[in-house]
Amino acid sequence: MKRSVIIPLFILALFFSCTSPAPKADTDKRTVFRYNEMSGISSLDPAAARSFENIWAVNQLFNGLVQMDDQLNVKPCIARSWEISEDGMVYTFHLRTDVKFHDNEVFTGGKGRKVIAEDFLHSFFRLFDAKISSATTLMTNIDRGDRSGYKGFEAPNDSTFVIYLVQPFKPFLGILTMKYFSVVPEEVVEHYGDDFRRHPVGTGPFMFKYWEEGSKLVFVKNPDYFEMEGNEQLPHLDAISVTFIKDKETAFLEFIKGNLDMVSGMDAINKDEVLNKNGEISERYKGRFNMQSMPFLKTDYLGILIDESYRHVKEGPLRKKEIRQAINYGFDRVKMVKYLRNGLGTAATSGFVPPGLPMFDTKKIKGYTYDPDKVKELLFLAGYPEGKGLPVITLYTTEQYNDLCEFMQAQLAEVNIKVKISIEKSAVISENVACGKFDFFRKSWVGDYPDAENFLSLFYSKNFSPAGFNYTHYNNKQFDVLYERSREERNDSLRHSYYEQMDQLIMDEAPIIPLYYDQVVRLIHKNVDGLSPNPMNLLDLRRVKKAPPAEK
């Protein structure tokens, strides 16, 4: 334990001494924000910023045309302003002229050069390449016809960047806030090739310094960062240090000892020790640190493959809508959230789309609540009165969610629905769900951008897995028509009406079993200021300040 603390501090001290000399009296005043990633980081290339772990790190290093504030409003970033054509298919961005890439040996004299519109053209164009990018499905609405030189984009001058769409799509600006759409320097990407994932060069508030995969990651302050807060240049911190402790008990102990400034998510804390059943800090820890909590654009659910072209689906009971509905009625989501999640989150009784989005309305979307009598009725309609003859149904999940699945298993058994739980590794579930081998599985969906279309796209027939994210292979012509209309509709009220109709169709057909709408949860030491939560759970350290720890 002591060794894991001493080595990182030594490394940080070495890096600071190599970057710029400072008076000895100021050495101890440098501020380092420290957090842990249990799942690890696979790439620092924004084109591969698919997982939360990658996104959090990439967000410190890179910027895009636009950015999202904590209220989910799209704000300028490298683009100072923009216009959208009357038909909604041409976006013209006007760039700042004071943004520079981080210093790197590839640049002339090792000094980062100014960002120009051509950089965005090259950065976006590489997102079409599935070997590089995790964002290829987001590029389907880019018009690569003759009006854009068959690229989809245009840079008429150094400070103007134009994007052409095949059809209007109101949420498009929100999509551009995703880290995939960050600007990268073409010459640096070409120099490092596949190894750019380990040698990232962006424009962000922090610069890459060191990465020992699975052990330590260090970013340092970008002295040339372009954003200001009042009269102060951002960021306030001197560095960021990321560790990769896999055991949550060990990581939480490091937080309690003050060696980490934050722990985030239910997976990172011992909820029964730290929180009471109302989701508040327990008496043992009250006053020792601050807790942040707010609704998260994330829905946890059970997915059901309903594609009868698969033999195991055609011969199984889950092909019947009544059985899927019976499972939805067969357990108490409210008790699940209260007792197994200590009240953090909201029982998913109002559809698949979570709170925090404008269309969410518990009065308009009728979901499922605990109703044993309804289960009995549906089992009879499905041809299994009192559950007689109903085969055992296997549910695939990971160890992390076994307690939730066992809770459902016990309650479903009381209404004569027998469920067997199969614990698998996350990678095994992902692969087999994508390939249609598992027909009943636990999943979650986090909003990539703040629009209900992102959640409902999981049920569009053209998004079948493995190419897309329609893991259930839900195929409904009425849904598809509404989905396609919603993508073209520019009137918010009409678009939200389409969303509501789609969400209700999903509830009625029941290709999924929504469990709960999640919540952002962070524990932060009291000497950290300026770290605000947001419904996307994006980690933004630009405005964070850290005071020296209080003397004991």
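The values are calculated or read from the model by the stated rules, or taken from the named source; none is laboratory data. Since the structure is predicted, the reported quantities are computational estimates derived from the model, not experimental observations. Cβ atoms come from the backbone with ideal geometry, glycine included; neighbour counts cover every protein chain shown.
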Picking from Ser133, Ser123, the residue that is of a type in the set (Ser, Thr, Tyr), farther than 16 Å from Glu187 by Cβ and assigned by TED's automatic domain parsing to the domain that holds Ser182 would be Ser133
**Request:** Tell me, please, whether a residue that is touching a residue at least 40 places away in the same chain (Cβ under 8 Å), part of a strand (DSSP E or B), surrounded by 23 or more Cβ atoms within 10 Å (Cβ to Cβ) and of a type outside the set (S, T, N, Q) can be found in the range 538-546.
**Result:** no
Looking at this structure, is Pro533 crowded, with 21+ Cβ neighbours inside 10 Å, in contact (Cβ under 8 Å) with a residue 12 or more places away in the chain, out of contact with any Leu (no Cβ under 8 Å at 6 or more places or on another chain) and not in a strand (DSSP E or B)? yes
How many residues of the range 330-343 are in contact with a helix residue (DSSP H, G or I) (Cβ under 7 Å, 6 or more places away or on another chain), on the phi < 0 side of the Ramachandran plot and surrounded by fewer than 22 Cβ atoms within 10 Å (Cβ to Cβ)? The answer is 3
Over the range 266-303, the set of residues among the polar types (S, T, N, Q), farther than 30 Å from Leu456 by Cα and modelled with pLDDT of 90 or more is Asn290
Inset, instruction - Kindly check whether there is at least one residue in the range 484-507 that is touching a residue at least 12 places away in the same chain (Cβ under 8 Å), of a type in the set (D, E, K, R), in the same structural domain as Leu340 (by TED's automatic domain parsing) and touching a Gly at 6+ places or on another chain (Cβ under 7 Å). - result: yes
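What residue, of Leu395, Leu379, Leu390, Leu344, is aliphatic (A, V, I, L, M) and modelled with pLDDT under 95?
It is Leu344.
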Within the range 474-483, residues being touching a residue at least 24 places away in the same chain (Cβ under 8 Å) and either out of contact with any Leu (no Cβ under 6 Å at 6 or more places or on another chain) or surrounded by fewer than 19 Cβ atoms within 10 Å (Cβ to Cβ) (or both) number 5
Condition check: at pLDDT 95 or above, under 22 Å from the mean Cα position of the chain (by Cα) and crowded, with 18+ Cβ neighbours inside 10 Å. Does Phe124 satisfy that?
yes
query: Hey, does the range 78-92 have a residue that's within 30 Å of Leu523 (Cβ to Cβ), of a type outside the set (Ser, Thr, Tyr), crowded, with 21+ Cβ neighbours inside 10 Å and more than 17 Å from the chain's Cα centre (by Cα)?
result: no
All conditions in (1) of a type in the set (Asp, Glu); (2) within 28 Å of Lys248 (Cα to Cα); (3) assigned to a strand (DSSP E or B) are true of Asp70 except (3)
